[in-house]
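Some notes on the structure that comes next.
Computed from the coordinates by the stated procedures, all read-outs in this text should not be read as laboratory data. This is a predicted model, so every value here is computed, not measured. Here the Cβ positions follow ideal geometry from the backbone for every residue, glycine too, while neighbour counts run over all protein chains shown.
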Amino acid sequence: MTQHVLDAVNAFKETTLMGALGIEFTLVEKGYIEATMPVDHRTHQPYGLLHGGASAALAETIGSFGSHYLVGEKGGMAVGVELNINHLKSKRHGFVTGKARILHEGKSTHVWNIEITDEAGEILAVSRLTVMVKYKS
């Protein structure tokens, strides 16, 4: 991973949901991605807890980008087609980190396992993302 790759992916904050939620990529490797997201007014639900939809957006963002990183240079396009997420613990403030590891790297589908942890490394949510990969004809 180079700083150039991190800078390029984090530049998407200006025009995507990443910016609204404060998602920032911190590690990009082939088959493994990490990003952080604040737990604050942008990502809370009405009870002041981390919104499950914000966690789902973090999971899909990093898994989908992970697939893009694997296929983009070969002319591939990657889009999430199914997301499952289990919320295990709540959080009121601070940061969470999403850690995505590829489980299956097929020609037309990728499957990612994503864990969302707090600053102490406690798992708050686990997710599985299926990504469809398409190549230009």
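Using a 10 angstrom cutoff on alpha carbons, build the Gaussian network for the chain and name the most mobile of THR16, THR97, THR36. Looking only at THR16, THR97, THR36, the largest GNM fluctuation is found for THR16. Taking a point 7 Å out from the Cα of LYS136 in the direction of its Cβ, the residues of region 68-90 whose backbone N falls within less than 20 Å of it are 68-80. Taking other residues whose beta carbon is less than 9 angstrom from the beta carbon of GLY76, and scoring Lys, Arg as +1 and Asp, Glu as -1, yields +2.
Here ARG101 and GLU14 are evaluated by their C-beta separation; at R0 = 35 Å the FRET efficiency comes out at 0.80. For region 21-36, the Karplus equation 6.51 cos²θ - 1.76 cosθ + 1.60, evaluated at θ = phi - 60°, returns couplings of 9, x, 6, 9, 6, 10, 8, 10, 9, 5, x, 8, 9, 10, 8, 10 Hz by residue, with Gly and Pro reported as x.
Using alpha carbons only, how many angstrom separate the centre of region 76-93 from the centre of region 1-24? What the calculation gives is 18 Å, centre to centre. Peptides 27-34, 7-14, 128-135 ranked from most to least packed, by the mean per-residue count of other Cβ atoms within 10 Å: 128-135, 27-34, 7-14.
How large is the translational diffusion coefficient of the chain in µm² per second when you combine the Kirkwood radius over alpha carbon pairs with Stokes-Einstein at 10 °C and 1.306 mPa s? Calculated translational D: 106 µm²/s.
With springs connecting C-alpha atoms under 10 Å apart, model the chain as a Gaussian network and identify which of GLU115, GLU82, GLU60 has the largest mean-square fluctuation. Among GLU115, GLU82, GLU60, the largest mean-square fluctuation in the Gaussian network model of the chain belongs to GLU82. If only the Cβ of Lys and Arg carry +1 and only the Cβ of Asp and Glu carry -1, the dipole of region 4-80 around its Cα centre is close to 140 debye.
Charging the Cβ of each Asp and Glu at -1 and of each Lys and Arg at +1, and nothing else, the dipole of the chain about its Cα centre rounds to 360 debye. Summarising the amide proton neighbourhood of LYS91: residues at separation of 5 or more, or on other chains, whose placed amide H is nearer than 5 Å comprise LEU50.
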